Amino acid sequence: MQKAIQKKKIKKLLSDYNEDQISFSKHCKIRMKQRGITEEEIKSILFNVQKIIFAEKELAEGYKEKKYRFVYSLSNKYNLLVVVVLKKKKIEIITCSKNMRKIWNLFPRYKI
């Protein structure tokens, strides 16, 4: 089950962290290599709330921490999906992928 969230709340959530507190799961590192995404690319965009076009909180079993899905606008053609878990002292990137914007627009989403 998901719940859409506003940019103002995202900015507040991320304000407790910095780039040094970002870690990547093993799964994420594998996917990043397969999908041509770099750690620097994720770190440079993660805190840029103005580029977020969609965000939701995931209520997932097995996670005590808060899990979120953020979609960032990379260009007129591509979006970047980043799934994160906010822990007490770090942000763990669970997975990420680049998507073509026209495919993303086929699915109904909440506006933020």
_Wholly within segment 12-112, strands (runs of 3 or more DSSP E) carrying at least 1 residues that are out of contact with any Leu (no Cβ under 6 Å at 6 or more places or on another chain) and modelled with pLDDT of 95 or more_ = 22-24, 78-86, 91-100
_Selection from segment 11-28 of residues that are surrounded by 13 or more Cβ atoms within 10 Å (Cβ to Cβ) and of a type in the set (Lys, Arg)_ = Lys11
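The values are calculated or read from the model by the stated rules, or taken from the named source; none is laboratory data. Predicted, not measured: the structure shown is a model, and the values here were computed from it. Using ideal geometry, Cβ is built from the backbone for each residue, glycine included, and neighbour counts are taken over all protein chains shown.
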